[in-house]
Amino acid sequence: MFRTEMMDINMGPQHPSTHGVLRLKLLLDGETVTDTDVLIGYLHRGVEKLCESKNYHMIEPYTDRLDYVAAMYENLGYVETVEKLMGITVPERAEYIRVITAELQRIASHLVWLGTHALDIGAMTVFFYCFREREILLDLFEAFCGARLTYNAYRIGGLPWDVPPGWTDRVRHFVKIFPGRQQEYDTLLTKNRIWLGRTKGVGILKAGDAIDFGVSGPCLRAAGVSYDVRKAHPYSVYDRFLFDIPTGENCDTYDRYLVRMEEMRQSLRIVQQALDGLPAGEVMGKVPKRIKPPVGEVYHTVEGPRGELGFYIVSQGEDKPYRMRFRSPSFVNLQALPHMVKGSLVADVVAVIGTLDIVLGDVDR
Amino acid sequence: MISDNIIRNFIIPLTQVLVILGVASGAVAYMTLVERKILAFMQLRLSPRRVGPHGLLQPIADGIKLLLKEDITPDKADRILFTLAPIVTVIPAFTALAVIPFSGGGTFQIFGYQVTPWIADVNVGLVFLLAISSLGIYGIMLGGWASNSKYPMLGALRSAAQMVSYEVPFGFSIIGVMMLSGTASMVGIVEAQREAHVWYFLPQIFGLFVFFVSGVAETNRLPFDLPEAEAELVAGFHTEYTGMKFALYMLAEYTSMIVVASIVTTLFFGGWLRPFPNVEALGFLNLGLDRIHPVLPGYFWFLLKTFLVLFVYLWLRGTFPRYRYDQLMRLGWYWMIPLSIMNVIVTGGVVLLLRR
């Protein structure tokens, strides 16, 4: 007479909290998730293939469109990969400015994560606070390179321009005011009982599983693995700065929250040191007009806000890459989602999507 | 010639109902604007300010927009229930206004007839309110079910569980007030607070807490807005609703908010009474309105207190994340119900001791 049925429910691609065109097929037992199917590809543009028909300068704007929330890192990873392939040395000033803008970008990206994550869980106000600070950062980026989202800010061999006059003072001002602003998010969330209830013990991803899935970035560090490309394989001038790698213990959403919050503080520390040590001089190295890397292949990674961001280029000595491949952290991290939400409630799925901090442009490429 | 009887028993109540319905609908419409203004103030952004000065005509524009929207009934929906559900929700919400004493301390003299500032003073007013407020949930359940869609159904299930759970502490928390005042009449409770020389929020602080929390849960507002949690269930039970039917749901929600705020005011904050109503020296608090008519200051104080309670509603929305389904249940059954029962027992004991 009575029977229970599993319910298939489609979450996305049009859903308020799948952060883009992610589609999840959930198999629900009541409100408990028993199975998850992650369906991606709604934003696939074939960027990797496109790159094969563009010369090296023309590829950089494409990298902006991968992880559009942290485009500076896509730029940085790409130009450094080509520089590594060609053995170009970048002037110090350019390296420092790259570090400053990249770390500011990490803060901006984490602010988007915090705002949307909190909004998914229902805390509306945090979102607006985060975007207030992000606005300052975007203004800084706009002053630096003219764009607010897709920057195309670096060039192979250095930077297209030096920073505008007064820019470093504005950054210093931001470094000064930001800790106070971060305190405000802390007050709203960190010790909030509802927030603790919604994030503690939710979406557990143990260190072993995280490594098996290839998860990197804050999600890996929250599982207690102290792996950060900036420390493990220092690129650019990161070996000159003092900063800590925050790690978590409980592998849950709350720890990932704490890790990212601390990362923002550490980024601020790096920006401060880079500003203090900013050398004078040129911002563009000696680079041939036509970029023609030697025959060979190269893989280079940088630590993006979402995790390890890798670029693989096969060159056949032409002005276009023979093969281009991106290791996008969002895509790799997303694989852990079914594992993390198994047995939890629908509300937790939303929290886990938020804590993975995916960008669909990065997932689908 | 209309007989005196018809006027007294039919025309006057009807006029009262119409006036209060009109005022309440207007209040609900402007409540949406107030909510947006206050949230905007908390969230450092601008609120609607294009329609009319400071956006004051925004509710009217919203109303026209909702009226003009296409009224969609999904193919698979149960047409009758789908149409009925919003109506079933909105009627109890407005009915509850019938027993709320908006002011007191006198009556209006209109054409020689005595007109009370409330519609009805039922001797079981509080019980009536409890009964009526529980009915609203049927509309939500029906709507979620009749949509024949998955997200609305989840929303309906959640709201059914939530409202049933919070109905219990909601009921228990007012028993303390009834014991203190010795009456279930809303007017009687306010009068009892005048005689007791204290508003009941002091002796009934736990009752107030439980009542308010359950009230927020009953009206599906953050942090308990699970049935319509937009981040999870798209829009919960009203996902499939458009146009005027959707507007009816919103109307019901905001009316329920106003009703709960009015009940909080009446039960715990002395209703229409000004602060220290028995101290003659504080008569200036009536702002001279009592010289025009003795009922007027009551309106002022009632509205002010209700607005403050509503402000707390919005404040909660601006501050808290949303509870999860199981946590909400745990809060209700493990904390709210025991706390309200404790409150009943302790209040009962104290009342018994004092009477002796």
Residue check for A:L66: within 14 Å of another protein chain (Cβ to nearest Cβ) and surrounded by 15 or more Cβ atoms within 10 Å (Cβ to Cβ):
no
Does at least one position in the range A:335-357 carry a residue that is surrounded by fewer than 21 Cβ atoms within 10 Å (Cβ to Cβ) and within 23 Å of A:R45 (Cβ to Cβ)?
yes
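Which of the following residues is hydrophobic (A, V, I, L, M, F, W, C), closer than 16 Å to A:Y312 by Cβ and either touching an Asp or Glu at 6+ places or on another chain (Cβ under 9 Å) or at pLDDT 90 or above (or both): A:V69, A:V79, A:V90? Working first, answer last.
Details: A:V69 fails: closer than 16 Å to A:Y312 by Cβ; A:V90 fails: closer than 16 Å to A:Y312 by Cβ.
Step by step, each of A:V69, A:V79, A:V90 is checked, and only A:V79 is hydrophobic (A, V, I, L, M, F, W, C), closer than 16 Å to A:Y312 by Cβ and either touching an Asp or Glu at 6+ places or on another chain (Cβ under 9 Å) or at pLDDT 90 or above (or both).
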List the number of the failed condition for B:Y200; all other conditions in (1) within 20 Å of B:L339 (Cα to Cα); (2) hydroxyl-bearing (S, T, Y); (3) in a helix (DSSP H, G or I) hold.
(3)
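Identify the residue in the range A:307-330 that is within 19 Å of the chain's Cα centre (by Cα) and buried (at least 21 other Cβ atoms within 10 Å of the Cβ) and, among all such residues, is nearest to the other protein chains (Cβ to nearest Cβ).
Out of the qualifying residues, it is A:S330.
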When you go through B:L285, B:L303, B:L316, B:L296 one by one, which is the residue that is within 14 Å of another protein chain (Cβ to nearest Cβ) and surrounded by 13 or more Cβ atoms within 10 Å (Cβ to Cβ)?
B:L316
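On the given criteria, is B:A85 of a type outside the set (K, R), crowded, with 16+ Cβ neighbours inside 10 Å, modelled with pLDDT of 85 or more and under 30 Å from B:N286 (Cβ atoms)?
Considered against the rule, which asks whether it is of a type outside the set (K, R), crowded, with 16+ Cβ neighbours inside 10 Å, modelled with pLDDT of 85 or more and under 30 Å from B:N286 (Cβ atoms), B:A85 comes out as no.
Name the residue that is nearest to A:F127 (Cα to Cα), counting only residues in the range A:2-15 that are facing chain B (nearest Cβ under 10 Å) and in contact (Cβ under 8 Å) with a residue 12 or more places away in the chain. Talk me through it step by step, then tell me what you get.
Applying the first criterion (facing chain B (nearest Cβ under 10 Å)) to the range A:2-15 yields A:7-11, A:14-15.
When the remaining residues are screened for being in contact (Cβ under 8 Å) with a residue 12 or more places away in the chain, the result is A:7-11.
Values: A:M7: 32, A:D8: 31, A:I9: 28, A:N10: 26, A:M11: 22 Å.
Only one residue fits best here, namely A:M11.
Right, B:T242: within 29 Å of B:R324 (Cα to Cα), surrounded by fewer than 22 Cβ atoms within 10 Å (Cβ to Cβ) and away from chain A (no Cβ under 14 Å) or not?
On the way: within 29 Å of B:R324 (Cα to Cα): yes; surrounded by fewer than 22 Cβ atoms within 10 Å (Cβ to Cβ): yes; away from chain A (no Cβ under 14 Å): yes.
Judged against the criteria, B:T242 is a match.
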Test each condition in (1) of a type outside the set (A, V, I, L, M, F, W, C); (2) in a helix (DSSP H, G or I); (3) under 30 Å from B:L222 (Cβ atoms); (4) touching a Pro at 6+ places or on another chain (Cβ under 8 Å) for B:Y323 and report the one that comes out false.
(2)
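So which helices (runs of 4 or more DSSP H) stay within the range B:1-116 end to end and still have 2 or more residues that are in contact (Cβ under 8 Å) with a residue 60 or more places away in the chain and in contact with a strand residue (DSSP E or B) (Cβ under 8 Å, 6 or more places away or on another chain)? Lay out the reasoning, then the answer.
Details: elements: B:12-42, B:58-68, B:79-95.
It comes to B:12-42.
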Condition first: without any contact (Cβ under 8 Å) to a residue 24 or more places away in the chain and more than 29 Å from A:D29 (Cβ to Cβ). Now tell me which residues in the range B:148-182 satisfy that.
B:S181, B:G182
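Evaluate the following for B:L316: is it over 30 Å from A:V33 (Cβ atoms), assigned to a helix (DSSP H, G or I) and in contact with a helix residue (DSSP H, G or I) (Cβ under 9 Å, 6 or more places away or on another chain)? Before you say what the answer is, go through the steps one by one.
Numbers: over 30 Å from A:V33 (Cβ atoms): no; assigned to a helix (DSSP H, G or I): yes; in contact with a helix residue (DSSP H, G or I) (Cβ under 9 Å, 6 or more places away or on another chain): yes.
No; evaluated as a whole, the condition is false for this residue.
The values are calculated or read from the model by the stated rules, or taken from the named source; none is laboratory data. Worth saying up front: this structure is predicted, and the values here are computed from it rather than measured. No Cβ is skipped: glycine too gets one built from the backbone with ideal geometry, and neighbour counts run over all protein chains shown.
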